[in-house]
Amino acid sequence: MDRRLKTYLRTFRRRWGLSQTELAFLIGIKSNTLVSRFEEFKRTPNLSVAFACEIIFDTSPLELFPGLFDDVQDAVYLRANELYEELQGSSSKATRAKLDFLEGVLSRSERRTDKHV
């Protein structure tokens, strides 16, 4: 079972002794309430917040927000599989190229699953 937190933002903020208000200021948001929501994974940080956190803590968004990455990755693989199934049966060259591409995407999904077993 994966025991990673959904977000390590609170961990990094506390490591450097920053208050939620101070981190909100550094990120460029008006309210420390948003920082609290990001820390509790009640709100998803947008791309600019994720990049700001990377700059502030010198840590990738993937390391700061692993739960968000996992959620996005699962959703993408699910949609890739759905599109792959939808495209089956077409013999056009363009569709074959898409299917080949999607097979590569889905093979990454299988490798990821193998790592977690």
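The values are calculated or read from the model by the stated rules, or taken from the named source; none is laboratory data. All values reported here derive from a predicted model rather than from experimental measurement. Using ideal geometry, Cβ is built from the backbone for each residue, glycine included, and neighbour counts are taken over all protein chains shown.
Figures for the structure shown
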| quantity | calculated |
| --- | --- |
| Positions within the stretch 21-37 being closer than 17 Å to PHE65 by Cβ and in contact with a Lys or Arg (Cβ under 9 Å, 6 or more places away or on another chain), in sequence order | LEU23, ALA24, LEU34, VAL35, SER36, ARG37 |
| Complete set of residues in the stretch 48-100 that are farther than 30 Å from VAL35 by Cβ, in contact with a Leu (Cβ under 9 Å, 6 or more places away or on another chain) and assigned to a loop (DSSP other than H, G, I, E, B) | GLN88, SER90 |
| Matching residues in the stretch 21-47 - criterion: being in a loop (DSSP other than H, G, I, E, B), charged (D, E, K, R) and over 14 Å from the mean Cα position of the chain (by Cα) | LYS30, GLU40, LYS42 |
| Pick from the stretch 59-71, criterion in contact (Cβ under 8 Å) with a residue 60 or more places away in the chain and closer than 14 Å to THR11 by Cβ, ranking: surrounded by the most Cβ atoms within 10 Å (Cβ to Cβ) | PRO66 |
| PHE12 being among the hydrophobic types (A, V, I, L, M, F, W, C), modelled with pLDDT under 95 and touching a Ser or Thr at 6+ places or on another chain (Cβ under 7 Å) | no |
| GLY89 surrounded by 15 or more Cβ atoms within 10 Å (Cβ to Cβ) and either in contact (Cβ under 8 Å) with a residue 12 or more places away in the chain or not basic (Lys, Arg) (or both) | no |
| Top-ranked residue of the stretch 1-58 - restricted to ones that are among the basic types (Lys, Arg) and more than 23 Å from VAL72 (Cα to Cα), ranked as surrounded by the most Cβ atoms within 10 Å (Cβ to Cβ) | ARG13 |
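Let's see how each residue does on (1) modelled with pLDDT of 95 or more; (2) farther than 30 Å from ILE27 by Cα:
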{"position": "PHE51", "(1), (2)": "yes, no"}
{"position": "GLU54", "(1), (2)": "yes, no"}
{"position": "PHE57", "(1), (2)": "yes, no"}
{"position": "VAL72", "(1), (2)": "no, no"}
{"position": "TYR77", "(1), (2)": "yes, yes"}
{"position": "LEU87", "(1), (2)": "yes, yes"}
{"position": "LYS98", "(1), (2)": "yes, yes"}
{"position": "LEU102", "(1), (2)": "yes, yes"}
